[in-house]
Amino acid sequence: MVFVPYVPTPYPVVRAMLKIASAGPGDVVYDLGCGDGRILIVAVKEFNVRKAVGVEIDRERYKLAVSRIQEEGVSSRAHVIQGDFFNVDISEATIVTLFLLTSVNEMLKPKLEKELKEGARVVSHEFRIPGWKPQKIIDVRDDSGLLHTIYLYVKGSHQ
């Protein structure tokens, strides 16, 4: 098991991550380490994705994400799995969102390469995936004026 500190992704960054990935009605979004579920909720409500799945290992954050998904009325298309994302099958994902550490992204590489289909998009907030070539890199300011970097990788053109 890997520990990653919980820092919520600011909403302007959430929206930019989904926009850079061209999220839409045909997509299945997986958020690895979904925290409070905000990416899942925005993906369904604002980008109309077909399905959004979060994976969260922390029991309290898992319960919070489930509660928020129900409150926001998106439980028909969004749900959360409590567990270690290294042990969850992500093969149906067309988009994977990450806000993990570079070292964790590196550990995830074999899983992403094995399970994702060609053309799947991987969007990482702040941390690169070592050895992968980003298709696009953008900077986004949050509501406090802080700058955040977002990396878009596309399976099949990431090396």
Mean-position separation - Cα centroids, region 1-74 and region 86-144, in angstrom: 14
For the chain, calculated [θ]222 nm from helices alone, where every DSSP H run of n ≥ 4 adds -39500 (n - 2.57): -9000 deg cm²/dmol
Per-residue HN-Hα couplings for region 58-74 [Karplus 6.51, -1.76, 1.60; θ = phi - 60°; Hz; x = Gly/Pro]: 6, 4, 5, 5, 4, 4, 4, 4, 4, 4, 5, 4, 5, 4, 7, x, 10
Using θ = phi - 60° and Karplus 6.51 cos²θ - 1.76 cosθ + 1.60, couplings along region 42-48 (whole Hz; Gly, Pro as x): 5, 4, 6, 6, 9, 10, 6
Built amide H within the under 5 Å cut-off of LYS136, gap 5+: LEU152
Cβ-based charge dipole, region 11-154, positive-most Cα from LEU146, VAL88, VAL122: VAL122
Residues with amide H under 5 Å from that of VAL80, placed H, sequence gap 5 or more: GLY54
Total formal charge among the other residues, if their Cβ is under 11 angstrom from that of LEU152, Lys/Arg +1 and Asp/Glu -1: +4
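Over the chain, what is the relative contact order in percent, taking alpha-carbon pairs closer than 8 angstrom and at least six residues apart?
Values: 328 pairs, mean separation 35.3, N = 159.
Computed over the chain, the figure is 22 percent.
What do you get for trypsin sites (Lys or Arg not before Pro) in region 63-159 restricted to DSSP loop and a cutoff of at most 12 other Cβ within 10 Å of the site's Cβ?
Details: sites: LYS63, ARG68, ARG77, LYS111, LYS114, LYS117, ARG121, ARG128, LYS136, ARG141, LYS155; in loops: ARG77, LYS117, ARG128, LYS155.
Within region 63-159, the qualifying trypsin sites (Lys or Arg not before Pro) (loop, at most 12 other Cβ atoms within 10 Å) are LYS117.
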Phi to ³J(HN,Hα) by Karplus 6.51 cos²θ - 1.76 cosθ + 1.60 over region 137-150, Hz, x for Gly, Pro: 10, 10, 10, 10, 8, 8, 5, 8, x, 6, 8, 10, 9, 10
Region 74-159: GluC sites (Glu not before Pro) in DSSP coil with no more than 14 other Cβ atoms inside 10 Å: GLU92, GLU118
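No lab work stands behind these numbers, since they all come straight from the coordinates. The model shown is predicted, which means the values in this text are computed figures rather than measured ones. Note that we place each Cβ from the backbone using ideal geometry, even for glycine, and neighbour counts take in every protein chain shown.
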